[in-house]
1. Report relative contact order for region 11-414 in percent, whole number only (criteria: Cα-Cα under 8 Å, sequence separation at least 6).
2. So how far, in whole Å, is the C-alpha centre of region 132-190 from the one of region 282-308?
3. Compute the Cα gyration tensor for region 61-168, then decide on rounded, prolate or oblate, letting a ≥ b ≥ c be the square roots of its eigenvalues: rounded whenever a/c is under 1.5, prolate when a/b is larger than b/c in the other cases, and oblate in all that remain.
4. Would you work out which of Gly322, Thr155, Thr258 lies farthest towards the positive end of the dipole of region 11-414? Charges go on Cβ: Lys and Arg +1, Asp and Glu -1.
5. So for region 246-316, what percent of the C-alpha to C-alpha distances run longer than 21 Å?
6. Determine one quarter of the surface area of the Cα convex hull of region 265-415, which equals its mean projected area, and express it in nm² to one decimal.
7. Taking the simple approach of a point 7 Å from Cα along Cα-to-Cβ for both Ala319 and Arg20, what is their distance in nm?
8. Which order, highest average first, do 106-117, 241-252 follow once you tally other Cβ atoms within 10 Å for each residue and take the mean per peptide?
Amino acid sequence: MSAVPTVPPGTHDRAATQRRILSVLVASQILSGAGLAAGITVGALLAQDMLGGTGLAGLPSALFTAGSALASVVVGRLSQARGRRPGLVLGYLTGAVGSAGVIVAAVAGSAVLLFPALFLYGAGTAANLQARYAGADLADRTHRSRAVSTVLVATTVGGVVGPNLAPVAGDLARTLGIPHLAGPFLLSGTAYALAALALTRWLRPDPLLLARSLATAEPGSGRTAEPHSPGGGPGRVMVGAAIMVLTQVVMVGIMTMTPIHMHDHGLGIAASGLVIAVHVAAMYLPSPVTGWLVDRFGSRPIAAAGAVTLLAAGIVAAAAPGGSIPALGLALGLLGAGWNLGIVSGTAIVTDALPLETRARTQGLVDVAIALAGATGGMTSGVVVATASYSVLATAGGVFALALLPVIAAGAARR
């Protein structure tokens, strides 16, 4: 852990440091985005192949989101105690180990090994999400959403490249004697390891530790939620968390089963990779615009727009022919955009309401709830498709997204 300056930098130095930190986070997010998206593309297909059925095809998503939940606690607590850098690095390295474990399980044909490996792989997801908080630690309150968005949008590059490299990684795996569907995890493990290396080398000074140093020099600035941030406190944290949780359930549930749905209609891994790439791009690419909208108009109207967008995604997915790449691409694009609106607005609400003393730890706990929501959505999605259909799943997900509206209204009334 690098030493924290005894004399905090001035306003100009703080702004320059924030720009440098954002540059490092952007680089690491590009790498981790590739690792995250590559595994998402084939995780359900690999499970279906190894387990011999669709009913448990949502299990990989449930496992690595459950792993993300546990990792979120560890990353949050470690970040609170020692700074953002060690927490994020631990998450990415654990994700790399999990990727290697998936490859070993696939070679051995062992579902017993596959399950814990997928659980560890989820730690990379936790680090990828918590990096957005690091972008906001030094940001001025009026620009926090844009700082969060800058970190999120960087994931787009890796998120688009990763799924489209899945066929290439699969071919490479085959030449190495590794099952084709395990190939993308070669890419995931390498990408996560490189993200950890980049943060270890260049995320200096640590943004959270420096923010605390600045707060010490300016008494009161870090002791409570900002006085001009209305509605700070546990109630506001709960509203922001609820927005992100509901958003995550809907997104993961529909996304997880889309590659399976396409496979059942005769489309291959390249087609699935393309649709997932569109989805991941829509999750992160609109982030700068979303951040500006939140800073300009407030979090709640943007969260409500997210709910409506998720409803539209569910309707389009339910109506889309299973063999239509454009229609499913549109549905998954809307799904990703709705997720973006919910995550950016919810993150802004939570971050504005938290003091520096407990910020990282509480943010980790919020991400636990998000990860558990994803695990629930992923596991339930396979059961719904096996017992009903993909169209039923998509419709139910869209309707469920409307639960965001009373949550937003309750938060507005409390404010």
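Values quoted throughout were computed directly from the atomic coordinates according to the rules given, and no laboratory measurement underlies them. Only a predicted model underlies this, so the values are computations on that prediction, with no experimental measurement involved. In this analysis, Cβ positions are derived from the backbone assuming ideal geometry, glycine residues included, and neighbour counts consider all displayed protein chains.
1. On the way: 874 pairs, mean separation 108.0, N = 404.
About 27 percent, as a whole number.
2. 22
3. Working: a/c = 3.02, a/b = 1.62, b/c = 1.86.
Oblate is the answer for region 61-168, as a/c is 1.5 or above yet b/c matches or exceeds a/b.
4. Thr155
5. Details: 873 of 2485 pairs.
When all Cα pairs of region 246-316 are counted, 35 percent exceed 21 Å.
6. Working: hull surface 39.2 nm².
Over every viewing direction, the Cα hull of region 265-415 projects on average to 9.8 nm².
7. That separation, rounded to one decimal, is 5.3 nm.
8. Numbers: 106-117: 16.0, 241-252: 26.3.
In decreasing order of mean packing, 106-117, 241-252 become 241-252, 106-117.
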